[in-house]
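Here is the structure we will look at.
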Amino acid sequence: MRAAQCLASASMLLLLAVSTAVAQAGDIAATPPMGWNSWNHFQSRVSDTLIRETADAMAANGMRDAGYVYINIDDTWEGKRDANGKITSNEKFPDMKALADYVHSKGFKLGIYSSPGPKTCAGYEGSYQHEAQDAQTYAGWGIDYLKYDWCSASTVYRSDAMPAVYKKMGDALRATGRPIVYSLCQYGQNNVWEWGAAAGGNLWRTTGDIIDKWRLSWESGWGKGMAQIGFNQNGLDRYAGPGHWNDPDMLEVGNGGMSDTEYHTHFSLWCLLAAPLLAGNDIAHMTAETKAILMNRELIAVDQDPLGKQAVVVTQVNNAQVYKKPMADGSSVLGIFNTTEWGINVTLPWRDAGLANDEQVRDLWSHEDLGRVPETFKVRVPSHGVVVIRVRQ
């Protein structure tokens, strides 16, 4: 009897330890990170001045209050290392600590970029053999987010070393004692979703770089069009959850390569996928339509739902893909996507989406309650467009 009690006690302790570890992992990035990144629009033109102006604009236009809190500096900020090996910022960023203090004063968090290789993608100083030192430097500056890009690491590491290489920086970040979101950027290689969380990652890229086009008809290195990336995430849902997210790359909304209809689809799909929402446009000069897309509070609530479920395809109707995302309050969100070149009429029986015959429906783009809809939902979806509804009993 005593042995059985001891075994039961040991099992309880193990369960408690596992639960505690899961809770701690979810403390950082409990919901998908939201913010802005400099690369998609500005690339090497990022600077201290731009970051301050972006923080000012996001505070003034409501993005901060909508949940966009990370302002992330991508590549080309790096200077040389000093005599002690400490990384410095270049002339575009004269005082990184002062910049972090400014960003924090506006109610935001500051992100930065590096590589596990000797050089970054743009040829600047990477973190190779300086992982712990760089992590301490970032923490000292007040950095809250690190994007860690494989790039030149392939010149010093074998591909199968990725898990250990990324864990090295993950451990270094944790050792600083500062909560820093850790973004693994290695283009979905080596099934990163299977080991990213164990390496300390809070999010990991599942694809090559996004290009601001609906679909590419030519080969472009690592780049792919939005539809080629977004509609190929099915099957990864079991790896997503509080503290660890699949990342199909940053948002291109407002950068001009797609229509507003396609940007509606882009944003809707990322929200349903519980993907990080990192705007990549010129915040200070965006159109009213771009602003309306990025600040659709009802879609943001879908992305930020605390249940943390990633949507999956549940059916296809008349060439439309239907995604379903369960929500913490018991409702479900459906995205009806038309990837064809023509508008289509969709007739969706609720049972085909695993729902009851009588559902209360709200359209999350028109922000209208559509009332109770028995048995079948009917809607027209434009070419490359989407209809997103929240349904409940």
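Against the test of being crowded, with 23+ Cβ neighbours inside 10 Å, in contact (Cβ under 8 Å) with a residue 24 or more places away in the chain and of a type in the set (S, T, N, Q), the options N234, N202 yield a single qualifying residue, N202. Taking the conditions (1) within 17 Å of the chain's Cα centre (by Cα); (2) part of a helix (DSSP H, G or I) in turn, K309 satisfies each one other than (2).
Taking the range 69-141 and the strands (runs of 3 or more DSSP E) fully enclosed by it, no element has 3 or more residues that are at negative phi, surrounded by 20 or more Cβ atoms within 10 Å (Cβ to Cβ) and of a type in the set (S, T, N, Q).
Determine whether the range 245-256 contains at least one residue that is surrounded by fewer than 17 Cβ atoms within 10 Å (Cβ to Cβ) and assigned by TED's automatic domain parsing to the domain that holds A275. Yes: one or more hits. Consider W193 carefully, then state whether it is touching a Phe, Trp or Tyr at 6+ places or on another chain (Cβ under 9 Å), buried (at least 17 other Cβ atoms within 10 Å of the Cβ) and assigned to a helix (DSSP H, G or I). The answer is yes for W193.
Quick grid of which residues meet (1) surrounded by fewer than 20 Cβ atoms within 10 Å (Cβ to Cβ); (2) under 27 Å from V253 (Cα atoms); (3) assigned by TED's automatic domain parsing to the domain that holds D237:
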{"position": "L294", "(1), (2), (3)": "no, yes, yes"}
{"position": "S331", "(1), (2), (3)": "yes, no, no"}
{"position": "T340", "(1), (2), (3)": "yes, yes, no"}
{"position": "R351", "(1), (2), (3)": "yes, no, no"}
{"position": "G371", "(1), (2), (3)": "yes, no, no"}
{"position": "V387", "(1), (2), (3)": "no, yes, no"}
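The set of residues from the range 253-273 being within 15 Å of N40 (Cβ to Cβ) and not in a loop (DSSP other than H, G, I, E, B) comprises Y263, H266, F267, W270. Among the residues of the range 333-358, just one is modelled with pLDDT under 95 and part of a strand (DSSP E or B), namely D358. The number of residues in the range 164-181 that are assigned to a helix (DSSP H, G or I) and either outside the structural domain of S38 (by TED's automatic domain parsing) or surrounded by 15 or more Cβ atoms within 10 Å (Cβ to Cβ) (or both) comes to 9. Looking at P276, P326, P248, P306, just one residue is in contact with a strand residue (DSSP E or B) (Cβ under 9 Å, 6 or more places away or on another chain), closer than 27 Å to A59 by Cβ and not β-branched (V, I, T), and that residue is P276. Considering A172, A139, the condition of being more than 30 Å from D56 (Cβ to Cβ) and at pLDDT 95 or above is satisfied by A172 alone.
Looking at this structure, is M226 among the aliphatic types (A, V, I, L, M), touching a residue at least 40 places away in the same chain (Cβ under 8 Å), buried (at least 24 other Cβ atoms within 10 Å of the Cβ) and within 21 Å of S383 (Cβ to Cβ)? Yes. Out of G201, G225, G196, G235, one residue alone is in contact with a Lys or Arg (Cβ under 6 Å, 6 or more places away or on another chain) and either of a type outside the set (D, E, K, R) or closer than 16 Å to W39 by Cα (or both). It is G225. Test W218 against the stated conditions and say whether it is out of contact with any helix residue (DSSP H, G or I) (no Cβ under 7 Å at 6 or more places or on another chain), in the same structural domain as V46 (by TED's automatic domain parsing) and at pLDDT below 95. So W218 passes the test.
Comparison of L216, L203 shows that the only residue that is under 30 Å from D56 (Cβ atoms) and of a type outside the set (V, I, T) is L203. In the set D209, D160, only one residue is within 21 Å of W222 (Cβ to Cβ), in contact (Cβ under 8 Å) with a residue 12 or more places away in the chain, crowded, with 18+ Cβ neighbours inside 10 Å and of a type in the set (D, E, K, R); that residue is D209.
The values are calculated or read from the model by the stated rules, or taken from the named source; none is laboratory data. All values reported here derive from a predicted model rather than from experimental measurement. So basically every Cβ, Gly included, is an ideal-geometry build from the backbone, and we count neighbours across all protein chains shown.
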